[in-house]
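Heads up, the thing below is written out as structure tokens.
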Amino acid sequence: MKKILAILLLITVTAVACRKEIVETKGKLPIGFSTLVTRGTVMDVTGVAAAGGFNVWGYSHVGNWALALNPAKTTLFNGSTVTSADGINWDYGTLKSWPNGENVTFFAYAPAGSATSVSYSADLVPEITYSVPIAIANQIDLLIANEMLDCTGPNPVQVIFEHALSRIKFSALKAPGITGEVKITEIKFKNLYYEGSTPLEIPVNWNVNPGVRDYTLLIAAGLIDVSLENYEQVISANNGMLFLMPQELQRLVDIPEITVTFTVDGQPLSWSGVIFPSSEWLPGKSYAYQLFIDGESVQVIVKDVIELEDWETERVMQTVALGSDHIKNQNSFNAAINAFNTFKSSDIQDEYKLFTIYAAGDLNHDIEIDMSATATNYFGTGDTIVFDFEANTGNWGTDASNGNAPWEVKIVNTSGWSVTSTSLTNKGTMTLIKN
């Protein structure tokens, strides 16, 4: 499974600062850059070279960067473009020399020229503004280098990058009971923040602008144009993924949504829902969205990852958007559990153990989740299902219409599962662990 994840997901590199590699300065030796180091399957060393290289800033100063006063910092590189024909030897034009008796601190990002503007903080740290292209084919794996602090020559400066955006991938399958031909014609993300600024420092810290735009995957852009089967199929659009601005997804205004347009036996259908259950997209993290088409509905399963020693799976998630229809809401929970069960039926998903169902929207009636009404035969010992009502936005526990407050969420017929609590009367979670 780890080999599969290594192919699927980007890997973030480890920070390195120059002050750990200081050697004696001999003066008048040219400043050079070593092979660009990244560990990723999308934007690697040769990829950065092919995309035009990277931009670098460098300042000479006495002593440590953190203690140097602004007037004592001399600019050596001011967004200079460093290029390479082979990903090994890097060139920036007229050579600059290491200064005698001073250190040099560097900042960089790649690909060169992809920022829409550059400004500077009070201590001269460059801050780039970046706008995610609306055309998916033009989206890039934006990289920001670890700060290279207090460097001295003659050793080349090693530039090590981390991934600055959030990566989104899609796959799809149809429910086992659907026998007709199912095709996806369009996937759209609505109301996404698309522009922000960040200092060229690690960890990446975006200041995101509140403007929104939509991003659409079409067949014309390379979307899958074959009938879906009862097993997971990867959806490919141009470069096979989206690189989007990290951002909060649970908002009070301009709420992000996903819309899936598809056909069943030629009949056009459309489904829309909120994007999360991940509460936010983080820099350098990858999110895989699996679209589970069940008749006229779509269950969106999200594989969320967290950086450990390598990219690892943290949990698999879905959102149930609560409405005013009591029966429909209960059926939505059943459909979510059934979708997880189908997800588990694939051998390659066997290592996924944590499954979270998030409730979104107002809670204005009791809910009973009947485990006997769902298929759970593919869950194994230790598999965990979490029902999460923490983000519920309704007035839980109030009932202006008929006085039946507080509302209650109950789980019944839990044979074969250990349950932390079978009822919930306020915002919280309920957990089931397979025996």
Exercise. Long-range amide H contacts for GLU186: which residues qualify at under 5 Å (H placed 1.01 Å from N, peptide plane, sequence gap of 5 or more or a different chain)?
Worked result: THR261
Problem set entry | For GLU147, residues with placed amide H under 5 Å, excluding near neighbours | ILE202
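Can you pick out the pairs among LYS285/LYS353; LYS174/LYS328; LYS183/LYS434; LYS188/LYS410 whose Cα atoms lie more than 30 Å from each other? Kindly include the intermediate steps, with their values, before the conclusion.
Numbers: LYS285/LYS353 20 Å; LYS174/LYS328 20 Å; LYS183/LYS434 35 Å; LYS188/LYS410 34 Å.
Among LYS285/LYS353; LYS174/LYS328; LYS183/LYS434; LYS188/LYS410, the Cα-Cα distance tops 30 Å for LYS183/LYS434; LYS188/LYS410.
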For this session: Report, largest value first, the span of the C-alpha coordinates of the range 149-209 along each principal axis, in whole Å.
Result: 67, 30, 16
Problem set entry | Phi to ³J(HN,Hα) by Karplus 6.51 cos²θ - 1.76 cosθ + 1.60 over the range 135-149, Hz, x for Gly, Pro | 7, 4, 4, 9, 6, 10, 8, 5, 10, 10, 7, 4, 4, 9, 8
Exercise. Given H placed on each backbone N at 1.01 Å, which residues far from VAL302 in sequence or on other chains put an amide H within less than 5 Å of it?
Worked result: GLN290, MET317, GLN318
Problem set entry | Per-residue HN-Hα couplings for the range 76-83 [Karplus 6.51, -1.76, 1.60; θ = phi - 60°; Hz; x = Gly/Pro] | 9, 10, 10, x, 4, 8, 10, 10
Problem set entry | Fully extended contour minus Cα-Cα distance, from THR263 to HIS326, at 0.36 nm per residue | 19.9 nm
Exercise. Rounded, prolate or oblate: which one fits the range 103-220, using the alpha carbon gyration tensor with axes a ≥ b ≥ c (rounded when a/c is under 1.5, else prolate when a/b beats b/c, else oblate)?
Worked result: prolate
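Where a ≥ b ≥ c are the square roots of the eigenvalues of the C-alpha gyration tensor, would you call the range 256-299 rounded, which needs a/c under 1.5, or, failing that, prolate if a/b is larger than b/c, or oblate?
Since a/c reaches 1.5 and a/b is larger than b/c, the shape of the range 256-299 is classed as prolate.
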Problem set entry | FRET efficiency estimate (nearest 0.05) - Cβ-Cβ, ALA135 to VAL419, R0 35 angstrom | 0.15
Problem set entry | Relative packing of 107-113, 227-233, 208-214, which averages over residues the other C-beta atoms within 10 Å, highest first | 107-113, 227-233, 208-214
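Values quoted throughout were computed directly from the atomic coordinates according to the rules given, and no laboratory measurement underlies them. Everything numeric here is computed off the predicted structure, so don't read it as measured data. Positions of Cβ are backbone-derived with ideal geometry, glycine not excepted, and every protein chain shown enters the neighbour counts.
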